[in-house]
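First up is the structure itself, then whatever we jot down about it.
Each value in this text was obtained by applying a stated rule to the coordinates, not by laboratory testing. On a predicted model such as this, the values are computed, not experimentally measured, just so you know. Cβ placement follows ideal geometry from the backbone for every residue including glycine, while neighbour counts extend to all protein chains displayed.
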Amino acid sequence: MPFEPFLMERWQSTWENHVDVNLSESGVEPLTVDELLEEDPDLRRAVLEQPLRYVQTNGTTALRERVAALYPGATADHVEVTTGGAEANQMVTWTLIEPGDEVVVMLPNYMQVWGLVRAYGADAKGWQLVEDGDAGRWRPDMDALADLVGERTKLIAICNPNNPTGSCLTADELDLIGAMADRVGAYVLADEIYRGAELTTEEETPSMWGRSERAVITSGLSKAYGLPGLRVGWIAGQTDLVNRCWERHDYATIAPSALSDRLATHALEPTQRARILGRTRAILRENYPVMADWLASHEGTLTHVPPAAGAMLWLRYSHGVNSSELCERLRTEHSVLLVPGDHYGMDGFLRIGFGSEVEELKDGLARVAAALRA
Ligand SMILES: Cc1ncc(COP(=O)(O)O)c(C=O)c1O
């Protein structure tokens, strides 16, 4: 399989630091180290005294225990810490996928798993979510999934809450997915990196954890926690699989950064975790109405199904222009960055992040409105 660039990440990597307003992000305005540590002198001293050595390469026991606490019945041995959620997805797919495997991938989706499994020689089959305005979400079509899953299916890959629609699967739907996977002995890779960033409820989106024999969760601190610069992610799964991923990790980034491991352990302490997720939800709930007002002034030309989680909006537009061309014009003529639907294989859509500071968001939206008028 010739190398296929990861279009969305390439676009963001190239331009996100060269525009006035970046609305291509899917997470919230990041915390500073200062905000993370608050006014706790002992903690600040402990962080300053952290030796910058190689830590335990699959993550310190302290951090793995904090992650394990998020998954009932898990221990530190069920967890591997990775460099971001991206590396977690890479390690799991690299470990599991062999040429000729079939992988069913929920679409639309952050296209990393799609690209990786193809790079590892698998046949990726898209399982399309259905836009359902009446149900108020992009909902899964379980019959379609049943048709796609067969004896050759090695893996079912879901992203829940979903990037880019912000839709969430229910516990019953996850159970059904688990049952379908178990029937053919497939793994379920659930990327749950937006879990905890719910817009309308205090309840976290149900996890895939424990719902299938071969469920493996990937997640991290970049989105719901607003800590992408720590580059901390994790894999939670059966110990055997996690250990196989760890072996591969030796060929990649070896170990998490010592400082990041230390700060992540702090962020996942239960009181801190609640504080950080509370901050995220407060940002989402302040900013979404700004988006909604803006959309109301474009009624008829821009439509969307409100997201349940995450800091992004998946917007259908009807201006008859290709999404990549539109985003290129927004970038070059208005210095604002969005993600084109093309990068998800869905032209006619735009992804707008609404997790940034509210004045920046308003500035960006005004620029997009000006471009759409033109
Ligand atoms: C669904 C999903 N998984 C993983 C990642 C990568 O996360 P990280 O920055 O922690 O590597 C992203 C980033 O946008 C994402 O949207």
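A few notes on this one:
- Within a Gaussian network of the chain (alpha carbon springs, distance under 10 Å), most fluctuating of Leu52, Leu227, Leu268: Leu52
- Cα-based Rg of the chain normalised by 2.2 N^0.38 Å, two decimals: 0.97
- Cα pair count fraction exceeding 20 Å, expressed as % - segment 149-291: 54
- Computed from label points 7 Å out along Cα-Cβ, the spacing between Asp123 and Phe3 is 2.7 nm.
- Selection of chymotrypsin sites (Phe, Trp or Tyr not before Pro), segment 233-340, meeting DSSP coil and at most 12 other Cβ within 10 Å: Tyr251
- Sequence of Met91, Met142, Met180 once ranked by neighbouring C-beta atoms within 10 Å, starting from the fewest: Met142, Met180, Met91
- When Rg and Dmax are taken over the Cα atoms of segment 122-166, they come to 11.9, 36 Å.
- Of Tyr187, Tyr120, Tyr225, the sequence from fewest to most neighbouring Cβ atoms within 10 angstrom is Tyr120, Tyr187, Tyr225.
- Relative contact order of segment 51-272, pairs being alpha-carbon contacts under 8 Å that are 6 or more residues apart, as %: 28
- The antiparallel fraction among DSSP beta bridges confined to the chain stands at about 50%.
- GNM result for the chain, Cα springs below 10 Å: residue of Glu192, Glu204, Glu38 fluctuating most strongly: Glu38
- Considering only beta bridges that DSSP places wholly inside segment 51-272, some 40 percent are antiparallel.
- Here is the size of segment 48-100 from its Cα atoms: Rg then Dmax, 13.7, 50 Å.
- Environment charge at Asn162 (Cβ cut-off 10 Å; Lys +1, Arg +1, Asp -1, Glu -1): 0
- The length gained by stretching the chain between Val358 and Asp20 to full extension, at 0.36 nm per residue less their Cα-Cα distance, is 120.2 nm.
- Averaging the sequence gap over all C-alpha pairs within less than 8 Å and six or more residues apart, then dividing by the number of residues, gives segment 228-374 a relative contact order of 17 percent.
- The chain: DSSP helices with Cα axial extent of at least 30 Å and average Kyte-Doolittle hydropathy no lower than 0.5: none
- Estimated FRET transfer efficiency when R0 is 35 angstrom, pair Thr75-Thr200 (beta carbons, to 0.05): 0.60
- Candidates Arg331, Arg45, Arg351: whichever shows maximal mean-square fluctuation once the chain is modelled as a Gaussian network with Cα springs under 10 Å: Arg45
- With the simple spin-label model, which puts each label point 7 Å out from Cα in the Cβ direction, the Ala370 to Arg44 separation comes to 4.1 nm.
- Within straight-line reach of Lys362, meaning a Cα separation under 23 Å, sit the following lysines at least 8 residues removed in sequence or on another chain: Lys223.
- Both radii come from the Cα set of segment 51-272: Rg as radius of gyration, Rh as Kirkwood radius; their ratio Rg/Rh reads 0.95.
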